Amino acid sequence: MGPIPERYSIFAPLYDALSGEFPIYRAGRVLGIAAMAPRVGDQVLDVGCGTGLNFPLLQAGIGETGTIVGLDSSADMLRQAHRRATKRGWNNVILLQADATTLDPAKVAARITAAGGQDCSDAAIATYALSLMPQWPRAWDNMRALCRRGAMLGVVDMQDPVGAAALFTPLARLACRLGGADIAARPWQSVERDCTDVLRAAARGGHLQIRAGRSAKDASEPS
């Protein structure tokens, strides 16, 4: 297997069909975005947006006056996201290519404003993205830095199934390994550490973990 960006670039045109989205992973997106409760007019940062699978759910909350800022390291995945937005007639989507673990928040904020957005987002979400990044805590800090104080932050990611569903652990681990995700990363713990009023949910036998909460720190403050 090659590096994560290269792998996802190769499979970008087929990602939606091969990712297990509707039988398994869409449930986490629905719960995660519902927990964040995006409001009409909000600007939402979608970290590791991929092909834009979060976009329909986000659009339903923010409406035509809101903005989605999709961030991804793969140009090929962003091309698919652009096609999705264009097909639906969504003119309120800003797409930026950047590595969430190494980006400069100030420079990315400037790129967002240059594209017609705000320098600080009202909310941010990362779905099945942070576990792909070996240095995901840096991505989390950058995600927070690109949002205003009090922003709603959400993380949806994966762990081993629990209880009766533990029977499917080998399949869950294989799926994560093929996708390049670290099933033991548990990035949602950062929401519990850095946010207040945390909402918790799980789906698919605990395989999908959902956390959302309100940022309790200024963007310039470290974790």
Output the number of the condition that Gly116 fails; it satisfies all remaining conditions of (1) open to solvent by less than 20 Å² (accessible area, probe 1.4 Å); (2) at positive phi; (3) not charged (D, E, K, R).
(1)
Select from the range 140-172 the residues that are without any contact (Cβ under 8 Å) to a residue 24 or more places away in the chain and closer than 10 Å to His207 by Cα and list them in ascending order.
Thr169
Could you count how many residues in the range 157-183 are open to solvent by less than 70 Å² (accessible area, probe 1.4 Å) and either of a type in the set (A, V, I, L, M, F, W, C) or under 19 Å from Ala34 (Cα atoms) (or both)?
9
Identify the single condition in (1) out of contact with any Leu (no Cβ under 8 Å at 6 or more places or on another chain); (2) crowded, with 16+ Cβ neighbours inside 10 Å; (3) of a type outside the set (Phe, Trp, Tyr) that Ala123 does not satisfy, given that it satisfies every other one.
(1)
Select, from Arg149, Arg144, Arg111, Arg138, the only residue that is open to solvent by 60 Å² or more (accessible area, probe 1.4 Å) and closer than 12 Å to Ser215 by Cα.
Arg149
If I ask for residues that are under 18 Å from Arg148 (Cα atoms) and in contact with a strand residue (DSSP E or B) (Cβ under 6 Å, 6 or more places away or on another chain), which ones from the range 64-93 would you list?
Thr67, Ile68, Val69, Gly70, Leu71
Which of the residues spanning the range 67-98 are among the charged types (D, E, K, R), free of Cβ contacts under 8 Å to residues at least 60 places away in the same chain and surrounded by fewer than 21 Cβ atoms within 10 Å (Cβ to Cβ)?
Arg83, Arg84, Lys87, Arg88
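Can you name the residue in the range 107-151 that is among the β-branched types (Val, Ile, Thr) and within 15 Å of the chain's Cα centre (by Cα) and is also nearest to Cys176 (Cα to Cα) among such residues?
First pass over the range 107-151, keeping only residues among the β-branched types (Val, Ile, Thr): 108, 112-113, 125, 127.
Restricting the remaining residues to those that are within 15 Å of the chain's Cα centre (by Cα) gives 125, 127.
Details: Ile125: 20, Thr127: 14 Å.
For the range 107-151, the residue satisfying everything is Thr127.
The values are calculated or read from the model by the stated rules, or taken from the named source; none is laboratory data. Treat the numbers as computed from the prediction; the structure is a model and nothing was measured. Neighbour counts are summed over all protein chains in view; Cβ atoms, including those assigned to glycine, are modelled from backbone coordinates with ideal geometry. Surface areas here come from the heavy atoms of the whole protein model, side chains and all, with no ligands, DNA or RNA. Shrake-Rupley method; radii C 1.70, N 1.55, O 1.52, S 1.80 Å.
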